[in-house]
């Protein structure tokens, strides 16, 4: 049951990536290209996503524990520190160069795009690099 | 690239938000893809590994299914091979260092008005937009 719900969450997410066309890097870059031929799609995706997720986060405050686990594991830190800033800037740089972020990159694998496959392998290498450098103490 | 009706991104966004909301209320976890990849593949993330892998497997299945029955996806990549590799490395390293990506910070973090996520989302959006401006309009690199 627990695994089934996790898979269902993934299915909803993956379908959302395709239906919203966020799987297409050209669409994402057109959103980021604010001085060019701007495409507002990503704003609709974010706006649409914030409605149910915002509601869920409001509901969770009135719950003692999630339905299928012992406790909520939501990050509590409010500290805007150097890793957060450095990481967000490096991520933004990579995102702006290609137009893919982790969710859409995985969804793009299902189209058998060789570019998405190269990108995902490089992304995993980047995560591994972090694991054995800056993230080794975590 | 053809413009699309706002109905598509809005519907897709609602599905992503439903996924994040359900994952929170059922499993108590943030539906952030970079974090789920890290915990699923033992690259330093936290949380039950099986659930992370289940989510990621579902993501692939849902994308495949939606691509077959709802909308044929088009993945149009403009970047050259070296840029794909550099971009992937930066996204992988940066999302782990900064504790999240567009889903973890952008959707789940903003939904609960986390100051960290608001700052991170503002920063990665601004950096990405600046990167596109430099590569497209200043240097014509892409």
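Laboratory data are not the source of any read-out in this text; all were calculated from the coordinates shown. What you are looking at is a predicted structure, and each value in this text was computed from that prediction instead of being measured. Please note: Cβ atoms are built from the backbone with ideal geometry, for glycine as well, and neighbour counts cover all protein chains shown.
Here the Gaussian network model covers chain A, with springs between Cα atoms less than 10 Å apart; of A:84, A:109, A:29, A:84 fluctuates the most. If you take the alpha carbon atoms of segment A:1-110 and fit the smallest convex hull around them, that volume is 144 Å³ per residue.
Assuming a ≥ b ≥ c are the square roots of the Cα gyration tensor eigenvalues, decide whether segment B:37-103 counts as rounded (a/c under 1.5), prolate (otherwise, with a/b larger than b/c) or oblate. Since a/c reaches 1.5 but b/c is at least a/b, the shape of segment B:37-103 is classed as oblate. Contact order for segment B:71-142, expressed relative to its length and based on alpha carbon pairs under 8 Å spaced 6+ residues apart, stands at 22 percent. Across q = 0.20 Å⁻¹, segment A:51-138 modelled as identical point scatterers on its alpha-carbon atoms has Debye log10 I(q)/I(0) values of -1.07, in the order of the q list. Taking the centroid of alpha carbons for each part, segment B:82-106 and segment B:34-63 are 16 Å apart.
Would you please classify the overall shape of segment B:66-142 from the alpha carbon gyration tensor, given that a ≥ b ≥ c denote the square roots of the eigenvalues, rounded means a/c under 1.5, and beyond that prolate means a/b larger than b/c while oblate covers the rest? In terms of gyration-tensor shape, oblate. Within the protein assembly as shown, the proportion of C-alpha pairs whose separation exceeds 32 Å stands at 14%.
In this simple spin-label approximation, residue B:76 and residue A:70 carry label points 7 Å from Cα along the Cα→Cβ vector, and these lie 5.1 nm apart. Pairs of Cα atoms nearer than 8 Å and 6+ residues apart set the relative contact order; for segment A:2-131 it is 31 percent. In this rough spin-label picture, where each label sits 7 Å from Cα along the Cβ direction, the residue A:78-residue A:4 distance is 4.1 nm.
Prolate is the label for segment B:1-74, because the ratio a/c of its alpha-carbon gyration tensor axes (a ≥ b ≥ c) is 1.5 or higher and a/b is greater than b/c.
P(r) for segment B:7-138, from all Cα pairs and a bin width of 10 Å, is 11, 35, 40, 14, 1 %, short bins first. Among B:112, B:29, B:96, the residue with the largest mean-square fluctuation in a Gaussian network model of chain B, with springs joining Cα atoms closer than 10 Å, is B:112.
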